[in-house]
1. Out of the residues in the stretch 163-181 meeting the condition of being of a type in the set (A, V, I, L, M) and part of a loop (DSSP other than H, G, I, E, B), tell me which one is surrounded by the fewest Cβ atoms within 10 Å (Cβ to Cβ).
2. So, Phe189, is that one buried (at least 20 other Cβ atoms within 10 Å of the Cβ) and not in a loop (DSSP other than H, G, I, E, B) or not?
3. Is it the case, given these coordinates, that Ala286 is closer than 16 Å to Leu298 by Cβ and under 23 Å from the mean Cα position of the chain (by Cα)?
4. Can you name every residue in the stretch 23-35 that is closer than 13 Å to Phe56 by Cβ and more than 22 Å from the chain's Cα centre (by Cα)?
5. For the stretch 36-62: of the residues being free of Cβ contacts under 8 Å to residues at least 24 places away in the same chain and surrounded by 15 or more Cβ atoms within 10 Å (Cβ to Cβ), which is farthest from the chain's Cα centre (by Cα)?
6. Applying the selection to the stretch 107-133, what residues are among the small types (Gly, Ala, Ser) and surrounded by 20 or more Cβ atoms within 10 Å (Cβ to Cβ)?
7. With the condition kept exactly as written, say whether any residue in the stretch 92-106 is under 30 Å from Gly160 (Cα atoms), without any contact (Cβ under 8 Å) to a residue 40 or more places away in the chain and surrounded by fewer than 22 Cβ atoms within 10 Å (Cβ to Cβ).
8. Being under 15 Å from Glu199 (Cα atoms) and more than 14 Å from the chain's Cα centre (by Cα): is that true of Gly143 here?
Amino acid sequence: MKPLPKVAIVILNWNGLKYLSQFLPSVMKSDWPNLEIVVGDNASSDGSVRFLQNTFPSVRVIQNDNNYGFTGGYNRVLSQVEADYYILLNSDIEVTPNWIQPVIELMESDDMIAAAAPKIKAYHNPTHFEHAGAAGGFIDSYGYPFCRGRIFYEVEEDRGQYNQSGEVFWATGAALFIKKKHWDMTGGFDERFFAHMEEIDLCWRLKNLGYKIMYCAESEVYHVGGGTLDKENPFKTYLNFRNNLLLLKKNLSFGRALFTISIRFCLDLMAIIRFMNEGKRKDAWAISRAHQNFIRQLFKSNKQVAKVAKAHHSTLKCMYKHNIVWDFFIKKKKAFSDLLLEDFYK
């Protein structure tokens with residue numbers, strides 16, 4: 001009989017004492033025999049490490065010497081963790097006891113499945129999906145990410161409409177299952193991203209190598225969301241716009257990237273004008289800074305990009321062929337079920 005793969009749940013923490021005390025007990029009850037629970041700490045100053053050592057002595061704590069963000073923090077912590085599967089889990093997530101088994105069984109069924117995510121529902125509104133992942137992540141031809149169950153700010157009620165597991169474009173970093181061999185193969189997260197969209201980049205790089213990203217409907221977790229950066233934070237605006245351009249430049253073919261990024265610069269200019277009209281000057285300036293930083297990045301080399309360059313073929317599978325902004329705001333397609341299956345690349 002094949003032994004159960006070893007699974008490591010790895011929670012990255014930065015001043016998240018409140019969430020660790022609230023949600024770590026549910027993680028400790030996870031029903032998987034060959035399991036290690038690890039908290040990687042990004043130099044917290046709120047007593048998180050002392051709390052863990054005193055309250056959860058069986059949890060392994062790995063301390064970083066600085067706050068390296070979501071990307072750098074995880075890269076440093078996971079380099080010290082041995083397992084067949086990593087689960088990158090946000091500290092503000094409540095899990096159910098049997099949440100691991102369905103995802104691992106799905107991933108074990110196909111060697112080409114590299115990463116997957118469970119259904120993400122809202123902790124404070126558990127009948128509805130949650131913004132960061134919902135029932136699987138997708139992206140449109142212009143780089144705008146959205147989810148099955150959540151398009152922009154419109155979040156759907158879970159009525160069982162997305163209870164079929166299947167292939168998606170990206171799996172949420174809030175509860176990301178990934179085989180260690182594939183994490184190592186890609187070099188982990190691109191640290192330039194710091195936070196936001198780094199999981200989309202990782203999943204896209206895996207897809208460009210020929211692997212599959214899956215959504216597992218049989219597993220559910222409950223996410224608070226917005227625990228680190230508030231959605232109104234200009235730094236979050238900066239990261240979202242800058243990282244989205246990096247994502248396109250890295251993962252599309254040169255010609256398609258040049259065309260798409262040119263269109264995005266025009267669309268981003270419209271976003272700047274909108275923010276200015278709404279009096280959100282800091283957000284408008286954040287987009288401008290994002291463009292400036294992206295242009296500077298064009299002239300810098302990146303070891304992680306070089307690592308996968310030989311196998312790069314820029315797949316579009318599961319990408320939405322149209323502009324989700326136009327469809328949502330102009331054509332009023334508010335739910336994922338309003339989109340046609342034939343409008344996604346096969």
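The values are calculated or read from the model by the stated rules, or taken from the named source; none is laboratory data. Quick caveat: nothing in here was measured; it's all calculated off a predicted structure. Please note: Cβ atoms are built from the backbone with ideal geometry, for glycine as well, and neighbour counts cover all protein chains shown.
1. Applying the filter and picking the extreme gives Ala174.
2. Here the answer is no, as Phe189 does not meet what is asked.
3. Considered against the rule, which asks whether it is closer than 16 Å to Leu298 by Cβ and under 23 Å from the mean Cα position of the chain (by Cα), Ala286 comes out as no.
4. Once the filter is applied, which keeps residues that are closer than 13 Å to Phe56 by Cβ and more than 22 Å from the chain's Cα centre (by Cα), the stretch 23-35 yields Pro25, Met28, Lys29.
5. The extreme case among them is Val49.
6. Once the filter is applied, which keeps residues that are among the small types (Gly, Ala, Ser) and surrounded by 20 or more Cβ atoms within 10 Å (Cβ to Cβ), the stretch 107-133 yields Ala114, Ala115, Ala116, Ala117, Ala122, Ala132, Gly133.
7. Checked against the condition, which is being under 30 Å from Gly160 (Cα atoms), without any contact (Cβ under 8 Å) to a residue 40 or more places away in the chain and surrounded by fewer than 22 Cβ atoms within 10 Å (Cβ to Cβ), the stretch 92-106 yields at least one hit.
8. The answer is yes for Gly143.
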